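Novice: Pasting a structure below so you can have a look.
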Amino acid sequence: MQHHSNPPDGGGRRPGRRWPLRPLIRRAAVTLALAGVGAAVHAQDAAQQLPVTRLTAGMHLITAEVADSPEERGIGLMHRPSMPANHGMLFVFEQPGVHCFWMKNTLLPLSIAFLADDGSIVNIADMPPRSEASHCPTKPVRLALEMNQGWFAKRGLKAGSRIGGEGFGPAASVGR
C-alpha cells in the first residue's frame, strides 16, 4: 500500500491543509464493522428460542423446547447459564440413527434420555459440561430428551420407563 500526502486526483485539497474528518470517518467505519462482528458473535452465543411441547414422565410434567432442524439441534442448549426445573430440550431427528451428543459449548451438566418413537427410554447418560466426550444411544433412535443432570434418576426413571406427550406412539411425528 502506498501512502500519498495528497490524493492522486488532487481532490481539491490545498497543500498543507489537514482533513480532520478522514480519521473520524475511518474510526467510525472501524467501530461499525467491529460492532457488526460483535453482534454476530453475540447472536451465536445467545440461547435460541424454540417452540415448546408438554411432556410427562409419570406424574411429572416437562416443558421441552423442540429442536427439530439440523441448525437447532446443532446449537441445542449451548451457552445457557441455567435451565429451570422440569424444563428440557427434545431433539427430533428425521430418521432413527445412533445420534451422539457432546457438550463442548454447553455450560450446564445435563442428563440425556434416548427415546424410542413410543416414548420408552432406551438409555440415559449423564453429560458433564464443556466436554467433547460422545454420549450415544445403545440402539438407533429419532428422539432424545436433555434435562438438568440427575433429573431422570431423582424420579426413578430408567431404561424401559416411558415419556408421554403429543406425538409419541407407533407412528410418532414429534416436532413441528
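The values are calculated or read from the model by the stated rules, or taken from the named source; none is laboratory data. Predicted, not measured: the structure shown is a model, and the values here were computed from it. A quick note on method: Cβ atoms are made from the backbone with ideal geometry, for glycine too, and the neighbour counts reach across all protein chains shown. All accessible areas refer to the heavy atoms of the entire protein, side chains included, with ligands and DNA or RNA removed. Shrake-Rupley method; radii C 1.70, N 1.55, O 1.52, S 1.80 Å.
Novice: Give the residues of segment 124-158 that are of a type outside the set (A, V, I, L, M, F, W, C), open to solvent by less than 80 Å² (accessible area, probe 1.4 Å) and within 19 Å of HIS60 (Cβ to Cβ), sorted by residue number.
Specialist: Passing the criteria: GLU146, ASN148, GLN149, GLY150, ARG155, GLY156.
Novice: So which pairs qualify, if the first residue must be in segment 64-77 and over 16 Å from GLY119 (Cα atoms), the second must be among the charged types (D, E, K, R) and part of a helix (DSSP H, G or I), the Cβ gap must be under 7 Å, and the two must be at least 6 apart or on different chains?
Specialist: Filtered contacts from segment 64-77: ALA67/ARG73.
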